[in-house]
Amino acid sequence: PAGIVNVVANPDTSTVDVEYNTTGDWVAIEYQVYIGSYADLPRNGAGKPKIGHFPISDEYVSPETGDYIAGINYAPGDCNFVAVHIVVQNTVTGEEETAWMYGATAVDDDANQSGWAMGSFVPEGCSS
């Protein structure tokens, strides 16, 4: 794994916080986050998420070993899907890889033969 991702829903403020921390020799150079309905998730013709089309994103000037993205709004009572994509770089080899949130773990996409993976949460008061 390239790191750990935590997603926390805050029902009192209708926001979501996303925190990630890289592990080993990996650092993050870019992140993207999507929160919304699964049906509205940006996808390509093969049905995989469209990288570069998530509404919340940033590229780092200097590589980061972790970040905390706080206060992402969601519609109360809606069933929301969260996808986290991180571009990671190996500090030893310089190699860049795509990492997706898989449960709480950011996985190297090349090592994840299932292609891509995501995690989701259902806000309080919402049935999935």
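The values are calculated or read from the model by the stated rules, or taken from the named source; none is laboratory data. Just so we're clear, the structure is a prediction, and the values are computed from it rather than from any experiment. Cβ: placed from backbone, ideal geometry, glycine included. Neighbour counts: every protein chain shown. For accessibility, only protein heavy atoms count, side chains too; no ligands or nucleic acids. Shrake-Rupley method; radii C 1.70, N 1.55, O 1.52, S 1.80 Å.
In table form, for the structure just shown:
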| item | result |
| --- | --- |
| Pair N44, S62: separation of 7 Å Cα→Cβ label points (nm) | 3.4 nm |
| Apportionment of accessible area to carbon and sulfur, the range 1-80, percent (1.4 Å) | 48 percent |
| Heavy-atom accessible area per residue - the range 1-96, 1.4 Å, Å² | 52 Å² |
| Interchain or long-range residues, amide H under 5 Å from G3's placed H | T23, A106 |
| Net +/- balance of residues flanking V7 in space, Cβ distance below 11 Å, scoring K and R +1, D and E -1 | -2 |
